[in-house]
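Chemist: Below you will find the structure I want to go over with you.
The values are calculated or read from the model by the stated rules, or taken from the named source; none is laboratory data. No experiment lies behind these values; they were computed from the predicted model shown. Using ideal geometry, Cβ is built from the backbone for each residue, glycine included, and neighbour counts are taken over all protein chains shown. These area figures cover heavy atoms from the full protein model, side chains too; ligands, DNA and RNA do not enter into them. Shrake-Rupley method; radii C 1.70, N 1.55, O 1.52, S 1.80 Å.
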Amino acid sequence: MRGKKVRMKRKSRKQRRIENSILFGSIILCIVTLSAVTICLILFFNYRAAQLEAVRMQEEIAMLKENYTQEEVDAMIAGEKQNAALAASEETEESILSRMKELMLSGDGAVNMLRQFFPDEIVLVDNNQYYFFPIQDHLAKHAYLPENFIHTEDELIEYYENGELISHKGIDVSRYQEEIDWSDVAGDGVEYAFIRLGIRGYTEGEIKEDETFEDNINGALDNGIEAGVYFFTQATSVEEAEEEAQYVLDAIEPYDVTYPVVLDVEAVNQDNARTKDLTKEERTEYCIAFCEMIKQAGYTPMIYGNLKSFMLLLDMEKLEDYDKWFAYYDDQLYFPYNVRVWQYTDTGSIDGIDADVDINISFGKISGD
C-alpha cells in the first residue's frame, strides 16, 4: 500500500504542473487578445475621427462656397500668403539687421548700405534728403562688368574685355591746374584731354573764357593728345543755351577738336544763383538746344554730370541721343545707364601737373575722326 500511495502522489503533482501550464497559457492568450482588441479599437476610432474630420472639412468647403464669392476666396488666399510672407520676413529680420550693422561698421555710410538693399533702384542723397529712382527698363544700359575693371599699381582704373584693354586714359583741366607741362602729360600715357573753354557766371550770367584755355588746348594738340572741350552752363533760356553753343563753336574753330564738345550741367548751391529755380524740364530743354547746335556744326555733343545732374536736374528719357560723361568718385561705377566716359577721381596725379587733376576712363575711342 505504501508504494501505491507514493505513485498516486507523484501523478497529482504532474497534473498540477499541466494545469498551471494551461492556466499560464490562457492568461497570455487573454493578454494578447486584449491587446489586439485595444489596437483594433484605436484604429477604428482614428479611422472614425478621420472620417468625421473629412466630413467636417467638406461641410466647411461647402459653406465657404455657399457664403463667399470667388473674389472673396481669392482675397482670403492672398491674405494668407501675405501672412506667410510676413512671417518669413520676421524670421529674417535678425539677419537683415546684422547685415545693416556690418555695412555701417565698414565705414561706407548709410547711402552705400541702402544701395546694397535696393539694387533695382538708384539711391542718392542731396541736402540730407534721400532719393530712390527705379531703374528704367526702357533706357539704354551699359554692359560694363565690375570684374573687368582693373586697378593698377599707380591708382588708375582700366577696363578689359576678353583680356584686351579697351579703355583709354584721359584728363580734364581748367585754370585750377595752373601751368601744365604737356610734354610730360603725354609721356604719362594720357591719350585725350577735355579742356575747359569757359563758363557762364552764376549770378550776372556773363560768359567768360577760361584764362588757360588757349595754352591748354595748344599744349595738348602740340604733344599729340586729342582734345575735346567743355563749357559750364548757367543758361536760363533756350536763347542763352544757343548763345553758349555759338560761343563755343566760335572759340574752337581754329583748333582740331576731335573729341566731344561737352555741356557741363551741375547745380549751383548759392542762394542767388540764377539757375536755382529751374525745373528739370527747363534744364533738359536748354541742354537739347545746346547739343543740337553742336551736332549741326559737325561736332560730337556730350553731356557731363554726376548722379544729381542726371537724376534730379535732367530728364534722361529725353537725352538718350547724346553721349554721357559721368562723374562718380569710387572704385566701382554706380550708374546703370549708358556712359561713354567715367570721371572716377578728382584727386589724380599726372606727370607734368603739380595740382590734383580729374582722371577719366573712356570705353572705346570717342574721337570724331
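Chemist: If I filter region 157-165 for residues that are open to solvent by less than 20 Å² (accessible area, probe 1.4 Å), of a type outside the set (A, V, I, L, M, F, W, C), closer than 18 Å to residue 227 by Cβ and at pLDDT 95 or above, do I get at least one hit?
Modeler: no
Chemist: With respect to residue 239, determine if the residue is open to solvent by 40 Å² or more (accessible area, probe 1.4 Å) and either in contact with an Asp or Glu (Cβ under 9 Å, 6 or more places away or on another chain) or not basic (Lys, Arg) (or both).
Modeler: Considered against the rule, which asks whether it is open to solvent by 40 Å² or more (accessible area, probe 1.4 Å) and either in contact with an Asp or Glu (Cβ under 9 Å, 6 or more places away or on another chain) or not basic (Lys, Arg) (or both), residue 239 comes out as yes.
Chemist: State the number of residues belonging to region 218-229 that are within 14 Å of residue 170 (Cα to Cα) and crowded, with 19+ Cβ neighbours inside 10 Å.
Modeler: 6
Chemist: Which condition number does residue 114 fail, the rest of (1) in a helix (DSSP H, G or I); (2) open to solvent by 60 Å² or more (accessible area, probe 1.4 Å); (3) modelled with pLDDT of 85 or more being met?
Modeler: Single failed check for residue 114: (2).
Chemist: While we're on this one: Only residues that are in a strand (DSSP E or B) and either on the phi > 0 side of the Ramachandran plot or surrounded by fewer than 21 Cβ atoms within 10 Å (Cβ to Cβ) (or both): list them for region 171-201, please.
Modeler: 198, 199, listed by residue number.
Chemist: Could you list, in sequence order, the residues of region 305-323 that are open to solvent by 10 Å² or more (accessible area, probe 1.4 Å), out of contact with any Leu (no Cβ under 7 Å at 6 or more places or on another chain) and of a type outside the set (Asp, Glu)?
Modeler: Correct list: 306, 312, 313, 318, 322.
Chemist: Related question: I need the full set of residues from region 202-236 which are small (Gly, Ala, Ser) and either assigned to a loop (DSSP other than H, G, I, E, B) or more than 28 Å from residue 187 (Cβ to Cβ) (or both), in order please.
Modeler: Listed by number, the residues that qualify are 205, 224, 235.
Chemist: I've got another one for you. Within region 175-222, track down each residue that is farther than 14 Å from residue 351 by Cα and among the β-branched types (Val, Ile, Thr).
Modeler: Within region 175-222, 195, 199, 203, 207, 212, 217 meet the criteria.
Chemist: What number of residues within region 117-144 satisfy the criterion of being within 14 Å of the chain's Cα centre (by Cα) and loosely packed, with under 11 Cβ neighbours inside 10 Å?
Modeler: Residues in region 117-144 being within 14 Å of the chain's Cα centre (by Cα) and loosely packed, with under 11 Cβ neighbours inside 10 Å: 5 in total.
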